[in-house]
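The values are calculated or read from the model by the stated rules, or taken from the named source; none is laboratory data. Remember, predicted model here, so these are calculated numbers, not experimental data. In case anyone asks, the SASA skips ligands and DNA or RNA and just uses the protein heavy atoms, side chains included. Shrake-Rupley method; radii C 1.70, N 1.55, O 1.52, S 1.80 Å.
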Amino acid sequence: MGCMNWRKWCDEFVLAGKGILLATKEKRFWYGFVPAFLFFGLLMNLLSGGTAKFELMSAVGLPGSLKIIGDSLLGIFGFNHPFLDWLPIFAISVLQGILIGLIVLLWKKKKDQNSANLEKAGIITGLIALGAGCPTCGTTLLTPLIGAIFSTGSLAIAGAISTIVTWLAIIIAILSLKRLGLETYVIIINEKYLKKEARAKRS
């Protein structure tokens, strides 16, 4: 019984992957993916040192702020970033971009807004923002909160929790993509079948 459930779970993942591949052929998917990928990549790079970059932007004015934003955008693709710091940021940005892209595509394909999927995306967004930071240096948005509770070792604690939150966000995103990818596969395949059936009736 357990083997059958595992096989079913794996088969659903395969179909979800096919659904995501089919979605990439739709323009509406990219309308959601590209802005979400850039937004979350930029946000996490700006938060890589806690709130320090935002404080710096308020001090250097518009030209300096634009340079910081530009460097953060380049950081999405690994420029001037250690590999171990860049990889989770890039992975989450891609996963979140795919998630939003699928939601936009499904939203357009369905009459009613799927609030459950949007809520799940919001949960992942919150986890990403909370855990955003530098995994190797231990800076994170959790640092001030933990520092207020613990007098010593707050950076180490915040770094460990940041890593946990980051991986939790990735796991939730993957599970969400399984559900949305499977739903996308069913809808697109059904659309193709109905179009083929309509052409057959006309001929």
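I'd like the per residue volume of the convex hull spanned by the Cα atoms of the stretch 26-92, given in cubic angstrom.
Cα convex hull per residue, to the nearest whole number: 94 Å³.
Calculate, in nm to one decimal, what residue 167 and residue 200 gain on full extension: separation in residues at 0.36 nm each, minus their alpha carbon distance.
Working it through step by step, the gained length comes to 7.0 nm.
As a quick test, which of the pairs 25/67; 110/178; 67/109; 27/195 have an alpha carbon distance above 29 angstrom in this structure?
On the way: 25/67 34 Å; 110/178 18 Å; 67/109 39 Å; 27/195 19 Å.
Table pairs above 29 Å Cα-Cα are 25/67; 67/109.
Gain in length, residue 34 to residue 52, computed as 0.36 nm per residue apart minus the alpha-carbon separation, to one decimal in nm?
3.8 nm
Using a 1.4 Å probe on the protein chains only, how many percent of the accessible area of the stretch 1-97 belongs to carbon and sulfur?
74
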